[in-house]
Each structure stands twice: as C-alpha cells, then as structure tokens.
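In what follows, a single structure is set out as structure tokens and then discussed.
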Amino acid sequence: MTASDRRIVAVIPVGTLDGAKSRLGAVLDAEERRDLVTRLAAATIRAVVAVPSIAETLVVTPDDEVRAIALDAGARPMRQRGHGLNAGLRQAREDAIAGGADAVVIIPIDLPRITPDAVTSILAVLDRTPPPLVTIVPDRHGRGTNTLLLAPPDVIDVQFGGDSRAAHVAAAVAVGATVVELDGPLTEDLDTPDDLLLAQAEGVEAVRG
C-alpha cells in the first residue's frame, strides 16, 4: 500500500497566540512574537493542506483566532479540551482513528522552511516501509522531534517535550516498529533567538517582520 492508497491525516497542534514563543523574548516583544506565530500558523496550515496525499488536516488548538485561520486555509479546526501539547495530540489522533486513518503525521507550526514538497518527502517513507512505522524528523540539535509520522496512528504514544526524539525512538523499538529518521529542511525550527537569526539569514518569508 502506497502513500496515495492510505488515509493520511495531518495533525497541526497550535497553542494560544498570546504568550507564544516566550523563549524569543530576548529579540522580539510580545506583539512581535504573536504576529510571528500567526504568520507561521497560516503558512504551515496552507502548506500541509496543499499536500495531495493528505486526506484531512486537523488543527487542534484552544485559540479561537487559530481556529479561524485553520478554516480559512482549508483545514478542520478542533477545540482542544485538555491541557498541554500531548493531550491535544492524543485528542486529534483519536478523531483521526475514528475517521479511519491509516497514518497520522504531526507537524508543529514552528518549522519556517515547511513546504508541501517537504511534507510529501516524509510521507514517501510509506511507499517503501510497511507498518508498524515511526518516522522522525529531529531538530537540528538531534534532541527534539520536529515532525512525527505514525503508521498506524497509535503505534506509539506521543511524547513531545524535552528529549522527545530519544523518547519516540525508544517507544518505537519497544513495540518492534521500524524507525526511520530523516534530515532536510524541517530539521530547522524556531525555539531560540539563534534559530530565528538562521531563518532570517536564509530569507524565510514567514519570519520577516
């Protein structure tokens, strides 16, 4: 079964816009951070919705403005019930499974170099690797998880936060799933001022004030 034969659901978690990206506070004030996150959310959702092999894009968030952005971009917004990133992801994954998803791909909004092609290259792993499968795009420091592809969607639990790359790998090994780690543009994220400077130096449109 290829990626085009599977029902793939993308899950984009977004927190509240107010107070977002506080670690960038040394270089951006609160309003600038809010504007940045708003641009990133819109750009991410549009990029993911444009991927032909994704059947549906779910945006799970407690923020009313983000849900409006999701609707405008062609995604389905979902009001997050629980607190925290992993709780929102579990809620969205349950919805995806109920809808018959064969795989879910989890994509945060702080990946400035996201494009439809970058997402498609991750989903292409499904064409050459049968489930159970856990595909990880780590951050450029090798500690975090910037993108997570799970087939089936509940092959492992989501464990974002801290050293999530190692946690996701360990969980996959424990259940006998194949682990695929990928490099590429989605290894870049926007957690620190250095990350922001790198994206600006590369001329990424979403980070231009």
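Values in this text are rule-based calculations from the coordinates and carry no lab data. On a predicted model such as this, the values are computed, not experimentally measured, just so you know. Quick reminder, even Gly has a Cβ in these numbers, built from the backbone with ideal geometry, and neighbours come from all protein chains shown.
Measuring max minus min along each principal axis, the C-alpha atoms of the stretch 3-207 give extents of 45, 33, 30 Å (largest first). Between the helical axis of 164-174 and the longest alpha-carbon principal axis of the chain there is an angle of about 10 degrees. With a simple spin-label model that places each label point 7 Å from the Cα along the Cα-to-Cβ direction, the separation between Asn86 and Ala98 comes to 2.2 nm. Restricting the calculation to Cα atoms, every distinct pair contributes to the Kirkwood radius of the stretch 1-92, found to be 13.9 Å. Taking a point 7 angstrom from the Cα of Ala50 along the C-beta vector, which residues in the stretch 178-203 have backbone N less than 13 Å away? Within reach of a label on Ala50, which here means backbone N under 13 Å from a point 7 Å along Cα→Cβ, the stretch 178-203 contributes nothing. Projecting the Cα positions of Leu126, Ala26, Leu111 onto the charge dipole of the chain (unit charges on Cβ atoms of Lys, Arg, Asp and Glu, taken about the Cα centre) puts Leu126 furthest along the positive direction. Distance from the Cα centroid of the stretch 15-73 to that of the stretch 98-154 is 18 Å (rounded to whole angstrom).
Placing a pseudo-label 7 Å from each Cα along the Cα-to-Cβ vector at Asp117 and Asp183 gives an inter-label distance of 1.8 nm. Each of Leu85, Leu71 was scored by other Cβ atoms within 10 Å of its Cβ. Listed from fewest to most, they are Leu71, Leu85. Just add up the charged neighbours of Asp194: K/R +1, D/E -1, any other residue whose Cβ is under 15 Å from the Cβ of Asp194. Surrounding charge for Asp194 is -3. With the convex hull of its Cα atoms as the shape, the stretch 131-209 has an orientation-averaged projected area of 5.6 nm². If you take every DSSP beta bridge whose two residues both sit in the chain, what share of them, in percent to the nearest 5, is antiparallel? The antiparallel proportion sits near 35 percent.
Dividing the Cα radius of gyration of the stretch 118-166 by its Kirkwood radius returns 0.97 for Rg/Rh. Pair-distance distribution P(r) for the stretch 61-150, from all Cα-Cα distances in 10 Å bins starting at 0: 14, 42, 38, 6 percent.
Each of Asp154 and Glu202 was given a label point 7 Å from its Cα along the Cα-to-Cβ line. The distance between the two points is 3.6 nm.
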